[in-house]
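Enquirer: Take a look at this one; I'll ask things after.
The values are calculated or read from the model by the stated rules, or taken from the named source; none is laboratory data. These numbers come from a predicted model, not from an experiment. Note that each Cβ is placed from the backbone with ideal geometry, even for glycine, and that neighbours are counted across all protein chains shown.
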Amino acid sequence: MLYREVGQFATSYAADQAIFPIRQDRFGMLVLVLVAYLAVPLVANEYWLSTIFVPFFVFSLAALGLNILTGYAGLLSLGTGGFMAVGAFTAYKLATAFPGINIVLVFVAAGIVTALVGLLFGIPSLRIKGFYLAVATLAAQFFLIWLFVRIAWFQNYSPSGVITAPPRAVFGHFFVTGPEARAAYKYWFTLTFAAVLALAAKNMVRGATGRKWMAIRDMDIAAEIIGIRPLSTKLLAFAVSSFYIGIAGALWAFIYTASVEASAFDIDRSFQILFMIIIGGLGSILGSFLGAAFIVLLPIFLNNLPNQLGLHVGVALVTNLQDMIYGALIVFFLIAEPNGLAALWRAGKEKLRLWPFPH
Amino acid sequence: MLSGDGVLLKVEGVALAFGGVTALSDVSFDIRRGEIRAIIGPNGAGKSSMLNVINGFYRPHSGRITYKGRTVGHMRPHQAAKAGIARTFQNIALFKGMTTLDNIMTGRLLKMRGNFLLDALHVGPAQREEAAHRAVAERIIEFLEIQAVRKVPVGRLPYGLQKRVELGRALAAEPDLLLLDEPMAGMNFEEKEDMSRFILDVNEEFGTTIALIEHDMGVVMDLSSRIVVLDYGRKIADGTPEEVRHDQAVIDAYLGVAHDDERGAWG
Amino acid sequence: MHIFYAILIGPFVTMAKEPAFLVEVLIGGLLTGVMYSLVALGFVLIYKASGVFNYAQGTMVLFAALTFVGMLEAGLPAWLSLIAVIVVMIALACAVERMVLRPLVNQSQIILFMSTLGISYFLVGLGQLLWGGDVHPLDIGIPSGPLTVHGILINQLDLYAAVVAGTLVAALALFFQKTAVGRALRAVADDHQAAMSVGIPLKQIWILIWAIAGLVALAAGIMWGASLGVQFSLAEVALKALPVLILGGFTSIPGAIVGGLIVGAAEKLGEVFWGPVIGSGVEDWFAYLLALIFLLFRPQGLFGERIIERV
């Protein structure tokens with residue numbers, strides 16, 4: 001009875017096309033935003049802010065990027081880790097070469113550079129389709145990681161090979177990276193990036209751009225016949241996707257781990273992000289967030305549950321169980337609900353519309 | 001843009017082969033603006049191949065195609081789309097993951113001016129343009145009487161409705177030449193009546209020129225102004241329904257009563 | 001400029017100056033290549049039969065090896081362990097067919113590939129759960145020292161592995177070509193519908209194919225394990241098989257062999273002669289670069305079938 005749309009009619013196409021056409025959804029979103037900005041930082045402790053929310057937002061960005069490429073445009077990519085590395089190292093070089101530039105601009109620039117790299121690696125996508133494209137992205141993944149490990153210029157010739165992200169502040173005073181960074185500032189910073197870019201992504205996918213991507217995904221021959229140019233549409237998907245992934249990589253290195261290492265962006269990272277979008281829901285903005293949340297929370301859950309139950313399990317066991325659960329869930333979602341958690345969410349809302357009636 | 005005699009598309013001596021298999025040989029005919037031109041013939045006669053050549057999907061190895069008075073070399077499909085040619089497919093080429101409305105909106109893509117950045121910001125111009133195109137799509141949805149399923153993913157629709165949505169997507173591009181590949185295939189009598197009505201309305205109200213492949217002779221005779229008959233990749237007749245109906249070659253090859261077992265693998 | 005010389009000319013000069021060394025590297029690369037071929041073979045078998053690229057093939061290699069080693073360490077005699085592993089692999093094949101492939105029977109290639117990704121992670125977790133994550137040395141009685149032939153250094157273990165792999169490949173080739181069951185397998189690979197309509201039991205054939213692929217995985221696992229020790233990174237060998245398949249074509253057994261040899265040799269040569277110039281670790285990505293180039297110019301590989309898209 002709470003979630004009825006009675007009396008709510010869209011009286012213009014613009015209203016019908018809104019992201020949240022139902023008033024209850026708009027209200028819910030507003031509450032969520034207020035809670036996220038005001039309530040959470042007050043209530044949550046540093047551990048939650050820095051080690052759960054921050055990676056959640058960063059992963060959500062990466063998942064959004066990959067979802068645009070794989071979920072909406074149908075181009076399977078296993079190179080996400082490599083592109084995150086591009087973003088991270090570009091941000092590092094820019095931040096160290098131009099210390100005066102605002103950190104937000106540095107990240108955006110890193111995103112743009114990653115977009116250009118993504119464009120380059122996307123060029124084969126006209127001739128190579130589907131699953132073979134995934135192999136080409138593997139080439140990108142392994143090559144890029146090798147590049148950042150081997151070419152010392154990227155690490156500013158650091159003798160130890162360990163690079164830390166330089167301290168930077170927003171609005172002069174609020175440090176988001178480096179030793180003086182406060183957890184709350186990191187939280188707000190990554191939250192804002194995630195929120196703004198998610199809104200942009202949602203706008204893109206519900207407009208003409210998204211339709212072009214989905215047309216290419218569903219039947220690229222038919223898409224060409226109604227006038228869509230396959231190469232430019234695919235390249236755009238690579239570029240936009242890489243932009244998001246690059247920023248995610250830069251945020252990961254600067255804000256979350258405070259160090260820039262290529263090993264954080266290896267093939268396992270690529271698989272991890274892919275799992276997020278499969279579990280969360282391919283072709284869904286919400287799904288990117290849900291998948292990221294799941295992957296971030298699962299290890300914590302697995303670590304803590306046995307303790308709550310009074311059992312003692314080793315770290316190795318947790319990792320192995322994690323892998324098994326990932327694998328089983330991937331298969332489960334692909335079989336039962338290929339649209340992932342997002343589809344379950346929508347189904348839940350449908351039930352809510354009827355509540356408290358059964359049908 | 002048109003030649004003086006009102007011809008929209010002219011096909012001259014077109015030949016097409018796949019490896020050793022000849023799909024079309026020396027086919028010539030024209031399509032006049034505003035008419036409904038049927039292309040008929042037995043299975044494997046080359047009808048779909050002909051449409052594929054017209055909209056640029058296949059490249060003929062000889063022959064010439066003249067569209068709107070200009071010789072078109074090899075048009076790629078998206079160029080054909082830009083030039084005002086739209087089509088539907090025998091096996092339905094809809095975007096199964098998208099809704100009816102979205103599928104029809106994809107037909108509007110060539111008329112949309114925006115780019116991804118404007119989309120991302122979704123401010124004034126992008127929003128207004130989206131709404132304007134939505135209005136056109138809605139008119140088509142109303143015309144085809146598919147309002148009830150506008151938000152349903154097309155993969156879930158019954159076959160007959162999918163065919164209608166595909167027609168809607170082709171219409172959304174406001175084409176000059178509409179190529180329909182067996183639009184009535186698999187439909188029952190009522191569905192065929194509806195589809196025939198839509199095709200006639202499109203031709204009469206919007207003046208769209210239509211080239212139509214169809215096997216139901218009743219429909220063909222009723223709808224079309226002129227007919228081209230293909231058999232084994234060659235044209236064997238060309239004229240009004242009356243003329244074609246009484247043409248001996250056509251009767252022997254396709255319509256007719258008794259003919260010997262020379263059909264072979266193409267039958 | 002100096003760098004162009006270093007990359008385009010220098011390495012060839014180095015090769016020419018010491019031909020014996022070149023041959024040594026080449027042979028080493030070829031021997032590794034035989035191992036790649038063996039793993040790729042498993043992929044080809046499954047792809048031919050069910051149209052699925054089984055990413056989990058690599059993990060099956062690992063799993064087979066881990067199970068084998070685990071049983072040996074538990075005290076079982078070698079021959080018993082071998083049989084036990086074969087049984088386990090067949091059971092695994094059946095389980096995968098029933099629980100994963102059948103429900104996904106009409107989905108796109110990408111979805112199928114992702115499901116095998118899931119299987120792979122599951123098996124890795126399970127394998128390590130059962131047998132632990134440490135490196136298990138595997139001693140199967142093969143001498144591992146170097147051998148000198150005409151002044152060229154060859155690793156004995158690699159040689160044995162190559163011989164075993166070669167024998168296996170030859171046996172499989174004979175099996176497919178000469179026996180009735182082999183003929184049935186080839187029929188299924190060619191056209192499922194047609195095979196069914198002549199009475200070939202599709203499900204049993206699939207299980208047979210997956211079982212054979214499992215055996216191939218076992219052989220590969222034992223060989224790799226003997227030289228590297230059985231460990232987690234064995235699963236990454238699967239990723240290496242991808243460039244092999246692209247070079248050789250996904251559906252061709254001779255292609256898997258030739259592809260494996262080419263990749264193995266090219267990788268080794270790249271690492272040894274270009275590594276000093278542009279940085280070591282070239283072999284991490286060289287195979288993929290090769291695959292990428294092939295994809296651009298000859299997507300069906302050396303021996304594969306051309307894919308024509310029809311509307």
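Enquirer: Please verify whether the range B:27-38 includes one or more residues that are touching a helix residue (DSSP H, G or I) at 6+ places or on another chain (Cβ under 6 Å) and within 25 Å of A:G227 (Cα to Cα).
Expert: yes
Enquirer: Among the numbered criteria (1) within 22 Å of the chain's Cα centre (by Cα); (2) not in a helix (DSSP H, G or I), which one does B:K151 miss?
Expert: Every listed condition holds for B:K151 apart from (1).
Enquirer: Taking the criterion of being at pLDDT 80 or above and within 13 Å of chain A (Cβ to nearest Cβ), would at least one residue in the range C:88-96 satisfy it?
Expert: yes
Enquirer: For C:L80, only one of the following conditions fails: (1) touching a residue at least 60 places away in the same chain (Cβ under 8 Å); (2) in a helix (DSSP H, G or I). What is its number?
Expert: Checking C:L80 against (1) touching a residue at least 60 places away in the same chain (Cβ under 8 Å); (2) in a helix (DSSP H, G or I), the one that fails is (1).
Enquirer: Does the range C:67-76 include one or more residues that are in a helix (DSSP H, G or I) and either within 14 Å of chain A (Cβ to nearest Cβ) or closer than 18 Å to C:I209 by Cα (or both)?
Expert: Filtering the range C:67-76 down to residues in a helix (DSSP H, G or I) leaves C:67-73.
From what is left, the residues that are either within 14 Å of chain A (Cβ to nearest Cβ) or closer than 18 Å to C:I209 by Cα (or both) are none.
Within the range C:67-76 (the criterion being in a helix (DSSP H, G or I) and either within 14 Å of chain A (Cβ to nearest Cβ) or closer than 18 Å to C:I209 by Cα (or both)), the answer is no, since none of the residues qualifies.
Enquirer: Next question. Looking at B:T66, B:T88 in this structure, which one is over 30 Å from B:G160 (Cβ atoms) and polar (S, T, N, Q)? I'd like the intermediate steps shown before the answer.
Expert: On the way: B:T88 fails: over 30 Å from B:G160 (Cβ atoms).
From the options B:T66, B:T88, the qualifying one is B:T66.
Enquirer: Is there a residue being farther than 23 Å from B:Y254 by Cα, out of contact with any Gly (no Cβ under 7 Å at 6 or more places or on another chain), surrounded by 17 or more Cβ atoms within 10 Å (Cβ to Cβ) and within 14 Å of chain A (Cβ to nearest Cβ) anywhere in the range B:63-81?
Expert: No, there is no match, as no residue in the range B:63-81 is farther than 23 Å from B:Y254 by Cα, out of contact with any Gly (no Cβ under 7 Å at 6 or more places or on another chain), surrounded by 17 or more Cβ atoms within 10 Å (Cβ to Cβ) and within 14 Å of chain A (Cβ to nearest Cβ).
Enquirer: Still on this structure: State yes or no: is A:F89 under 30 Å from A:A237 (Cα atoms) and assigned to a helix (DSSP H, G or I)? Let's see the steps before the verdict.
Expert: Working: under 30 Å from A:A237 (Cα atoms): yes; assigned to a helix (DSSP H, G or I): yes.
Criteria met by A:F89.
Enquirer: Is it true that A:A134 is part of a helix (DSSP H, G or I), within 14 Å of chain C (Cβ to nearest Cβ) and modelled with pLDDT under 85?
Expert: Yes.
Enquirer: Could you please find all residues in the range A:113-123 being touching a residue at least 40 places away in the same chain (Cβ under 8 Å) and either among the small types (G, A, S) or over 17 Å from A:A253 (Cα atoms) (or both)?
Expert: A:A115, A:L116, A:V117, A:G118, A:L119, A:F121, A:G122, A:I123
Enquirer: From A:I325, A:I330, which residue is within 14 Å of another protein chain (Cβ to nearest Cβ), surrounded by fewer than 19 Cβ atoms within 10 Å (Cβ to Cβ) and either in contact (Cβ under 8 Å) with a residue 60 or more places away in the chain or closer than 23 Å to C:G125 by Cα (or both)?
Expert: Working: A:I330 fails: surrounded by fewer than 19 Cβ atoms within 10 Å (Cβ to Cβ).
Criteria check complete, one pass: A:I325.
Enquirer: Quick test for you: out of A:A258, A:A292, A:A253, A:A262, pick the one residue that is away from chain C (no Cβ under 14 Å) and closer than 15 Å to A:F83 by Cβ.
Expert: The match here is A:A253.
Enquirer: Return the pair list, or none, for Cβ contacts closer than 6 Å from residues in the range C:1-24 that are within 22 Å of C:L153 (Cβ to Cβ) to residues that are of a type in the set (S, T, Y) and surrounded by fewer than 12 Cβ atoms within 10 Å (Cβ to Cβ), at least 6 apart or on different chains.
Expert: Cβ pairs passing all conditions: none.
Enquirer: Among the candidates A:Q308, A:Q272, which residue alone is more than 14 Å from chain C (Cβ to nearest Cβ), surrounded by fewer than 21 Cβ atoms within 10 Å (Cβ to Cβ), of a type outside the set (A, V, I, L, M) and within 30 Å of C:W131 (Cα to Cα)? Steps first, please.
Expert: Numbers: A:Q272 fails: more than 14 Å from chain C (Cβ to nearest Cβ).
When all the criteria are applied, what remains is A:Q308.
Enquirer: Can you go through A:A223, A:A239 and tell me which one is in contact with a Pro (Cβ under 8 Å, 6 or more places away or on another chain), within 14 Å of another protein chain (Cβ to nearest Cβ), at pLDDT 85 or above and assigned to a helix (DSSP H, G or I)?
Expert: The conditions single out A:A223.
Enquirer: Something else about it: Kindly list the number of the only condition in (1) more than 21 Å from A:A15 (Cα to Cα); (2) more than 10 Å from every other protein chain (Cβ to nearest Cβ); (3) not β-branched (V, I, T) that fails for B:G97.
Expert: Answer for B:G97: the failing condition is (2).
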